[in-house]
Structure formats: structure tokens, C-alpha cells
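Below: one structure, written as C-alpha cells.
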Amino acid sequence: MGERSKSKSIIFLIISILTFLSWFLIFSSTNPNRVLDYISVSESTDAPPLIIIKNSDTSPQNVAESPNPQNRGVTKTEEPINENRGCNHNKVSPLPLKVYMYDMSPEFHFGLLGWKPERNDVVWPDIRINVPQYPGGLNLQHSVEYWLTLDLLFSELPEDSRNSRAAIRVKNSSEADVVFVPFFSSLSYNRFSKVNQHQKQSQNRELQENLVKFVTSQKEWKISGGKDHVIMAHHPNSMSTARHKLYPAMFVVADFGRYSPRVANVEKDIVAPYKHLVPSYDNDTSGFDNRPISLYFQGAIHRKDGGFVRQELYYLLKEEKNVHFSFGSIQNHGVTKAGEGMRSSKFCLNIAGDTPSSNRLFDAIASHCIPVIISDDIELPYEDVLNYNEFCLFVRSSDALKKGFLMGLVRSIGREEWSKMWRRLKEVERYFDLRFPAKDGDGDDGVQMIWKAVARKVNLVKMKVHRFQRFTRPFHGNILK
Ligand SMILES: *[C@@H]1O[C@H](CO)[C@@H](O)[C@H](O)[C@H]1NC(C)=O
Ligand SMILES: *[C@@H]1O[C@H](CO)[C@@H](O)[C@H](O)[C@H]1NC(C)=O
């Protein structure tokens, strides 16, 4: 009796388990994804698009689970669909970047260099014959406007035989990714800010007013609300009035110190390097032992805003051995001296002045002197693709002012670690070189890196343009009351 009921209950248990399992199997096979999997398995790789598209809903886990290699073949064809939704910005970003440039009057660009067109209908110099010179000296720091414009002009010439170009000029604005506004705003600020007796306002002001009038009346601006426009404002004081009217555009800036976050910010805009004033250090074999100065700083003493740190640091460091800390701006032959000083130093201080950024950082990079950056609000060029920690040291201002902190940090970096950073500096220095023409096969220079940084913003720009266009469809009906 007991034996029989035992075996009965065992049989019952087995039956219930089997019933449960069969329900489970039926349930899972009615899962739509599974059904589609099954259909795609039975199809060849040229399965009808409908199925492929539906099957793209299959989660990656399901695809991986599928034991049939043919199924993987089918899912492969759906990769482009997934890619559009994915986040591989490099693949989605258009390269070369297609740039439409306004044919603006020379008074906004090469006219400021003293260039005069031969005929009234000529806007651009023929750079195969004559490349107008940008003024030298300190003006050059903010000359990115000049190098970008030259690169665009060059990109449409048959002489441009480069295999890889980051940007090309297109003549049809509907085919462009961005619209470039060729106003040499930094030069306009540096050279034409003075008001003489015959003028009501400076030429710089007047140019900015004319620029705003011109740009905002263009059809390209009206279509996009300006969101896809690229405007150069590298000198912190440039575009001081126009920036408040043109801020929907992407600005090319040195830093954000003198902007309100609404007008310019790191999400929307592009940080471009200063052009270094000291010469490049070719064939640098100096190394750790041939750079006797541990820490180098040369700069102006009296500065506003964040610049108080300089004064404090001077008192902290003036007694230290192997430290060069002196005040004096780098005019004319001061540049040569500063260059020599940096080449003889292991570390070079970059302390916030009246703006978070300064040319000194790029001079240090060109001299292969490891930058020590004390500037809490600094923003750096292409930091999304370049890790500055590999070749710079960052120190908070509050830490830098602690007695012994800075020298302790610098001395803690021995020959090996220093040499690694120094080698990295020599690799990355070309990304900060602004020059014309770009050399092919030499890797990206500063100009190409800036275009690529613009290209990485194109998806964001497109989104903003589409959103802007939501309510711009013309209305033809009557409003009923
Ligand atoms: C400009 O490009 C658009 C889009 O490709 C095209 O429809 C239009 O015809 C082009 N305009 C000219 C003048 O070529
Ligand atoms: C650096 O080395 C290269 C190749 O040896 C040489 O052609 C070039 O002139 C050198 N540059 C300087 C500034 O010494």
C-alpha cells in the first residue's frame, strides 16, 4: 500500500514537472522575438527587409544566445540600423566636415591685413599667388581665425593634394554641415579698437554692428536660427557687443572667462589653442638631466580676478632652489628669453591671470616643458579626445597656496615618470600648431584638430536646428475665433 502510493505520487510529481516545462516552452516560443528569430533562421541572408527591421528589436542578449550561425548572419545586416541609434560619434560625425563660408566683404577679413582686391567683385585673395601676412608679435596668439580661413580657401584648390582633410569648403549651403563666418574678430579688436576724432565709435564696434546686420539677414541664419554657424571670437575681448546677438552660433574661443554661460559654454562652443610665440623645439634630445631648472614661471605681476595666486606663489617660491619665478611681460625679445628658459626647465607653471587661459601653456608645450596648470576654471582644446593628465599636472589654487605643496609635487616626479610625460608632449605638440599650409602625412595639426572638434558637435547642432524648426512652418490658414 505505502509502496504503491509512493510511486503514484512520484509519477504525479514527474507529470506536473513535465506539464510545467511544456508550458514554459510554449510560452517562450510565443515570445515575438523568438518567433522572428526562428523565421530569420529559416531565411537566407537576403531575408526581406521587413523581417530584418522587426528583428532589430531583438536585444543583443537574444542574438548572442542564438546557437545558429545563420541567424548571426541575418542580424549582421541590421548593424547599420543599430549604428544610427548607437553612440559611436566618430562614425556618425561627418568627415571631412562640409563648411559653407559666407563671401563677406574683405573689410571683415583680409582687408584688416591691408589686402585690397583688384576688382570690386573679388572677395578672397588668390592664395596660390599671395598669402596676405597676419601681423606678428602678440597679435599672433589669437590668429586661429586666419589659419582656419586659409585652410578653407586652400581646400577648394587643385593644389590641395592632401589625402585626409578634416574640412572642405562647399559652395551650396544646403549641403553644408556648418556655416563659417569669416570675421577676423581678434585682429579687429587688437588693431581697430581705438576711436579717433573723426569717428563716433571704433572701427571694431562698427564692424561688429555690420557683421550682426549681415549675418542675421542671411537665409542660412534664418533657416537654422544661427545654431549651425561657426564664429571666431578667440581674443577674450573680441566680439564684445556682437556676441550678445550671435550667441546661438558656435564660438571658437580661448576660454569662457569673460562670457556668461548662456552666451558661451563648453557644450556649445569650441576651445582653440593660442598660437605659441616661442619657436617649436625641433629634435629635442634634452631629457631630464639637461633641464637644470625644476620649475619656471615668467609673467606679468599685476593681474585682476584670479591672478592673486601669482603674487602669493611668488612669496612661497622665491627662496626655493632651481626655481625661476620672475615677473615681466614677454614683449619682443622677451619671447626668445622665455623660450630658452622653458627649454631649460622640467616643469612650467601656468597660473590663471586675468583670464583662465593664456598663451604660456602653449609656449610650454612647444618647449616640451611639462605644464603645471593652476587655473581652476580653465577649459582646454579637444579635451574630449585628448587626456591632458598624460602630459600636464593640474593643481587646485587652494592646494598650490599650501606651503610646500607645489615643490613636493614637482619633486615627487622622478626621471622615469617625467620622461614619459615629456615623450607624450612631443607626440601631442603638433595638435597645437597653427600653420598654413597643412602638411600631409604629418598627422593632425591644430587646424585639423579644430575642424574635427567642430565635426564632433555636428550632431548636437543638427538636433538644435531641428528643434528650432519645429514651429517655423509657414501658416497659411485663418485663425478661427
Ligand atoms: C544645393 O543642394 C541642394 C540639396 O542637395 C539641391 O537641392 C540644390 O539644387 C543645390 N543648389 C544648387 C544651386 O546647386
Ligand atoms: C632636425 O633633424 C632633422 C633630421 O635629422 C633635420 O633635417 C632638421 O634640420 C633638424 N632641425 C633642427 C632645427 O635642427
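Might you check whether a residue that is in a loop (DSSP other than H, G, I, E, B), closer than 22 Å to residue 143 by Cβ and in contact (Cβ under 8 Å) with a residue 40 or more places away in the chain occurs anywhere in the stretch 363-374?
Among the residues of the stretch 363-374, at least one is in a loop (DSSP other than H, G, I, E, B), closer than 22 Å to residue 143 by Cβ and in contact (Cβ under 8 Å) with a residue 40 or more places away in the chain, which makes the answer yes.
Quick check on the stretch 160-184: of everything there that is in a loop (DSSP other than H, G, I, E, B) and surrounded by fewer than 10 Cβ atoms within 10 Å (Cβ to Cβ), which residue is nearest to ligand 1 (Cβ to nearest atom)?
Going through the qualifying residues, I end up with 172.
Is it the case that residue 230 is out of contact with any Asp or Glu (no Cβ under 9 Å at 6 or more places or on another chain), closer than 18 Å to residue 269 by Cα and among the β-branched types (Val, Ile, Thr)?
Against the criterion (out of contact with any Asp or Glu (no Cβ under 9 Å at 6 or more places or on another chain), closer than 18 Å to residue 269 by Cα and among the β-branched types (Val, Ile, Thr)), residue 230 qualifies.
So which residues in the stretch 186-233 are outside any helix (DSSP H, G or I) and either over 30 Å from residue 455 (Cα atoms) or of a type in the set (Phe, Trp, Tyr) (or both)?
193, 194, 195, 196, 197, 198, 199, 200, 201, 202
Would you please list the contacts, defined by Cβ atoms under 6 Å and residues six or more apart or on different chains, that run from a residue in the stretch 398-425 that is without any contact (Cβ under 8 Å) to a residue 24 or more places away in the chain to a residue that is open to solvent by 60 Å² or more (accessible area, probe 1.4 Å)?
That search, which allows pairs on different chains as well, returns 399/405.
Just name the residue that is nearest to ligand 1 (Cβ to nearest atom) out of those in the stretch 123-159 that are of a type in the set (S, T, N, Q) and open to solvent by less than 40 Å² (accessible area, probe 1.4 Å).
155
List pairs: first in the stretch 167-191 and of a type in the set (Ser, Thr, Tyr), second within 16 Å of ligand 1 (Cβ to nearest atom), Cβ under 6 Å, 6+ apart or cross-chain?
173/100; 173/220
Here are some conditions: (1) within 16 Å of ligand 1 (Cβ to nearest atom); (2) at positive phi. Residue 101 meets all but one. Which one does it not meet?
Going through the list (1) within 16 Å of ligand 1 (Cβ to nearest atom); (2) at positive phi, residue 101 breaks only (2).
Applying the selection to the stretch 222-258, what residues are in contact with a helix residue (DSSP H, G or I) (Cβ under 7 Å, 6 or more places away or on another chain) and open to solvent by 10 Å² or more (accessible area, probe 1.4 Å)?
Hits for the stretch 222-258 are 225, 227, 228, 235, 237, 241, 245.
With respect to residue 439, is the statement that it is basic (Lys, Arg) and surrounded by 11 or more Cβ atoms within 10 Å (Cβ to Cβ) true?
yes
Could you list all residues from the stretch 88-122 that are open to solvent by 90 Å² or more (accessible area, probe 1.4 Å) and either over 27 Å from the mean Cα position of the chain (by Cα) or at pLDDT 95 or above (or both)?
Matches in the stretch 88-122: 116, 118, 119, 120, 121.
Go through the stretch 259-295 and report how many residues are open to solvent by 50 Å² or more (accessible area, probe 1.4 Å) and among the aliphatic types (A, V, I, L, M).
1
The values are calculated or read from the model by the stated rules, or taken from the named source; none is laboratory data. Keep in mind that what you see is a predicted model, and the values were worked out from it rather than measured. Positions of Cβ are generated from backbone atoms using ideal geometry, with glycine treated the same way; all protein chains shown enter the neighbour counts. Surface areas here come from the heavy atoms of the whole protein model, side chains and all, with no ligands, DNA or RNA. Shrake-Rupley method; radii C 1.70, N 1.55, O 1.52, S 1.80 Å.
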